[in-house]
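Working notes, beginning with the structure itself.
Just so it is clear, none of the values below were taken in a lab; they were calculated from the coordinates. Owing to the predicted nature of the structure, the values given are computational and were not obtained by experimental measurement. Virtual Cβ from ideal backbone geometry, glycine too; neighbours counted across all protein chains shown.
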Amino acid sequence: MSTIEKVSEELLLEEELASNNEIVLYNDDVNTFDHVIDTLIRVCDHTPEQAEQCSIIVHYKGKCTVKTGEYKELKPQCTQLLEAGLSAEIV
């Protein structure tokens, strides 16, 4: 394996590991579908359809990954979800 190939492979692995974090949204008995959908659109830049699908998955499955990426990018979004009264965490 050449040096260029090895460096390229290492960079791809680093990129994959860097975006390995997820915001997981959990179900609760407090928030309405509309509030969850509106919040996902505003905070996570979801389309209305994507936000609706996530809210349905959360309702029926108990949780749903709503965003993936680097921790430093997800942290402010997760904070905004929590401030909006939703139950979420970065894993």
task: Pop out the ³J(HN,Hα) list for the stretch 42-55 in order, Karplus 6.51 cos²θ - 1.76 cosθ + 1.60 with θ = phi - 60°, rounded to Hz; leave Gly and Pro as x.
output: 6, 8, 9, 6, 6, 6, x, 5, 5, 5, 5, 4, 4, 5
- request: First measure r as the distance between the Cβ atoms of ASP38 and LEU82, then evaluate 1/(1 + (r/R0)^6) with R0 = 25 Å and state the FRET efficiency to the nearest 0.05.
  value: 0.95
- line: Cβ-Cβ cut-off under 15 Å around ASP38, Lys and Arg +1, Asp and Glu -1: the net charge is -4
- request: Show the residues, 5+ positions off or on another chain, whose built amide H is closer than 5 Å to the amide H of HIS46.
  value: ILE41
